[in-house]
Amino acid sequence: MPPKLKGKPQKKKKGKKLKSGTGSVEEQFRKATLEVDILQDHLALQRQVTRQAQQRKYELHGKLQELQEDIQDERDEKQAIYNEMTRQHRDLEQQSSARIQHLEDEVAELKLQLNNSQQAFKLLSEESQRVTEEKEAEIEELKKQVETMETEYEQILHSSLDRILSKLALAAQQWEKESLSIHQHYKHMLQDCGLNPLDI
């Protein structure tokens, strides 16, 4: 009888130690889970930043398209002015040819007007060229900004992912060390109780 009574309390003590050890493992697991949740939140934040960058990229592309359309409108307007000036020039020459014998003074005045028109067209052409060059330079600058932003956000994303993977690897390594320590602890406990861990 007495040996049986001794055996039962030993089992109870063993059970209490197991529960205490299990609680420690569960606490470590909760800590690891909390760290994973924090890393997931960080990753979600990085994704939000990436989405905002992509939205900005789309906005810049839209602005780029608008600038290109403005340039095309300027070119169309320039061509329309050129065509109108050419038509006026042709009309003036035809009128001058028909009335050259009697209207030399009027022809001189019309030539003066034509010269003024050509100068105005030249100035308008130069101004249009300047505006076109400025807008093209702005387009190139916007393209460079878009490329720079893409590169920067790609580097940020890669850096964040590398840090997350590094932290996860460190957590896994710590978990493996803790698990090995727990296994060794229980192995010694079983051996102290006279049990062979391989038989269990």
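The values are calculated or read from the model by the stated rules, or taken from the named source; none is laboratory data. Note that this is a predicted model, so its numbers are computed, not measured. Cβ: placed from backbone, ideal geometry, glycine included. Neighbour counts: every protein chain shown. For accessibility, only protein heavy atoms count, side chains too; no ligands or nucleic acids. Shrake-Rupley method; radii C 1.70, N 1.55, O 1.52, S 1.80 Å.
Results, tabulated for the structure shown:
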{"quantity": "Condition check for GLN94: out of contact with any Ser or Thr (no Cβ under 6 Å at 6 or more places or on another chain), of a type outside the set (Lys, Arg) and under 30 Å from SER160 (Cα atoms)", "calculated": "no"}
{"quantity": "Qualifying residues in segment 137-179 (those that are exposed (fewer than 11 other Cβ atoms within 10 Å of the Cβ) and β-branched (Val, Ile, Thr)) - the one nearest to ASP41 (Cα to Cα)", "calculated": "THR151"}
{"quantity": "Evaluation of ARG87 against (1) open to solvent by 80 Å² or more (accessible area, probe 1.4 Å); (2) under 30 Å from ALA53 (Cα atoms); (3) without any contact (Cβ under 8 Å) to a residue 12 or more places away in the chain (one fails), failing number", "calculated": "(2)"}
{"quantity": "Residue in segment 181-188 that is in a helix (DSSP H, G or I), farther than 30 Å from ALA53 by Cβ, free of Cβ contacts under 8 Å to residues at least 24 places away in the same chain and in contact with a Ser or Thr (Cβ under 7 Å, 6 or more places away or on another chain) present", "calculated": "no"}
{"quantity": "Some residue of segment 111-123 being closer than 30 Å to HIS183 by Cβ, of a type in the set (Gly, Ala, Ser), in a helix (DSSP H, G or I) and open to solvent by less than 80 Å² (accessible area, probe 1.4 Å)", "calculated": "no"}
{"quantity": "Any hit, segment 141-161, residues being more than 53 Å from the chain's Cα centre (by Cα), among the small types (Gly, Ala, Ser) and part of a helix (DSSP H, G or I)", "calculated": "no"}
{"quantity": "Lone qualifier among GLN46, GLN79, GLN72, GLN40 - being exposed (fewer than 14 other Cβ atoms within 10 Å of the Cβ) and within 23 Å of the chain's Cα centre (by Cα)", "calculated": "GLN40"}
